[in-house]
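**Q** Pasting in a structure now, in structure tokens, and then I'll have a few things to ask.
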Amino acid sequence: MQKEDSFLPDLLCLKLKEKLHIRKEEGNYRQIQLQKTSKIDFFTNDYLGVSKNDLIKLPKKSNFKGSTGSRLLSGNSKEALSCEKKVAQFFLAESSLIFNSGYDANIGLISTIIGREDIIIYDEKIHASLRDGIVLSRGKSYSFSHNDLMDLQKKLDKFSTIKNVYVIIESLYSMDGERAPLKDISNLCEKFRTKLIVDEAHSVGIFGENGKGLCVENNIHKKVFARIITFSKAYGFIGAAVLAKEEVIQFLINFCRSFIYTTALPPLAYYKIEKILKKDLSRERNALIKNIQYYTDCVNSAQIGPIQFIKCSEFMHFEEIVRKLKKVKIFQKIIKYPTVPKSEEGIRLTFHSFNTKKEIEILLSILNPVK
Ligand SMILES: Cc1ncc(COP(=O)(O)O)c(C=O)c1O
């Protein structure tokens, strides 16, 4: 018996080693490295420079305490309550609930609201956090081809007799930077009486009036069952929120494990989120849009968004491009499998309000031969 016990860890260890070895062989081995901040930034999600330029200052005599517990125990604060009220008002929602991250919000919302008797239809390119929520929900799930309305309709047709069907999409896709046909999808969901969940992680702060997001810009926000927004991208900070009707939020407070069983953000974080939303970022937004426009005009891209993806045509060639970019102080990494399917590997460029025309020209001088 004792022999078997001591044998087991070795077997397990071998399995882990083998898997890591395969990763290395395939060139996909992940390492946490301290990145030198690249001089020219086409890499971070700090689209408006909120983080880089430390746009949100603390009052001189601030006296914020640590969190001390979960929101349902000692971790609640007047800052948290005030922040949730302001977030709901700002994004034109009935109610909001703050989570420690977008990942927590997505796995929590989806696994709590959707049950094993429900059907989920999701865009094949949704973020890993939404997928993990789907797995945890134990609902039956089916993907539809990326942004393909016909395929979505086909799937909705198939399941229209089932009571609870949820459609899950992003408004601006985090990898390829494409926008969802929000109005059409919302109309389809209305026609088939299904509930629509939209992850707006990459569109809030940038699109819609004062950065209220693409659901507001398309005037579908009242029809959407729930929106997920993050403060970790254009708002340059941390944390996320679910925006939904009051009864959905109350349900999450009562049943959502990634909300209940975790220490709350410290009061300072809620304070900062509220301050970020009060800040007029229109100058930064305009500068960002101008930079995107300049780049898209130069490369003939129809995609107006801060994320511009260049698919790898030839892998080795792209390694060379990454090396060349590094020489001119532009840090990039190839987005590889398993983050994206093998056929979708490439370079994910992100544009910012603070990029200069000269920087974009340097980038283009290296990328242009690729096009
Ligand atoms: C579409 C999308 N949703 C959710 C998340 C998770 O957000 P967070 O980084 O705040 O956990 C990300 C982050 O990469 C994302 O791209």
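**Q** With each pseudo-label sitting 7 Å past Cα toward Cβ, what's the SER74-LYS324 distance in nm, one decimal?
**A** Simple spin-label model gives 5.8 nm for this pair.
**Q** Still on this model: Once R0 is set to 30 Å, what does the formula 1/(1 + (r/R0)^6) return for the Cβ-Cβ distance between GLN293 and MET150, expressed as a FRET efficiency to the nearest 0.05?
**A** Efficiency, from the Cβ-Cβ distance: 0.45.
**Q** Give me the extension gain from SER282 to LYS39: residue separation times 0.36 nm, minus the current Cα-Cα distance, reported in nm with one decimal.
**A** That works out to 85.0 nm of additional length.
**Q** Then there is this: Mind scanning LYS60/LYS245; LYS39/LYS336; LYS15/LYS233 and naming the pairs with a C-alpha gap bigger than 27 Å?
**A** Over 27 Å Cα-Cα: LYS60/LYS245; LYS15/LYS233.
**Q** Out of residues 5 or more away from ASP123 or on other chains, whose amide H comes under 5 Å of its own, with H placed 1.01 Å from N in the peptide plane?
**A** PHE144, ILE168
**Q** Still on this structure: Grab the beta carbon distance between ARG23 and LYS65, set R0 = 35 Å, and tell me the FRET efficiency rounded to 0.05.
**A** After rounding to 0.05, the efficiency reads 0.25.
**Q** Alpha carbon centre of the stretch 14-76 versus the stretch 110-166: separation in Å?
**A** 29
**Q** Also, I was wondering about something else. Pop a pseudo-label 7 angstrom from the Cα along the beta-carbon direction at both ASN164 and SER82 and give the gap in nm to one decimal.
**A** Reported label-point gap for ASN164 and SER82 is 3.7 nm.
**Q** Follow-up question, since we're still on this one. Counting each DSSP H run of 4 or more residues in the chain as -39500 (n - 2.57), what helix-only mean residue ellipticity at 222 nm follows after dividing by all residues, to the nearest 500 deg cm²/dmol?
**A** Helix contribution divided over all residues of the chain: -12500 deg cm²/dmol.
**Q** In 5 Å bins starting at zero, report the fraction of Cα pairs in the stretch 78-278 per bin as a rounded %.
**A** Values per bin, smallest distances first: 1, 8, 18, 22, 22, 16, 9, 4, 1, 0.
**Q** In whole Hz, what ³J(HN,Hα) sequence does the stretch 193-202 give by Karplus (6.51, -1.76, 1.60; θ = phi - 60°), x for Gly and Pro?
**A** 3J(HN,Hα) across the stretch 193-202, in whole Hz: 6, 10, 9, 9, 10, 10, 8, 10, 3, 9.
**Q** What distance in nm separates the simple spin-label points at ARG257 and GLU178, each placed 7 Å from Cα in the Cβ direction?
**A** That separation, rounded to one decimal, is 3.4 nm.
FYI, it's all coordinate maths here, none of it is from the lab. Given the structure is predicted, the values throughout are model-derived calculations rather than measurements. Every residue, glycine among them, receives a Cβ derived from its backbone with ideal geometry; neighbour counts consider all protein chains shown.
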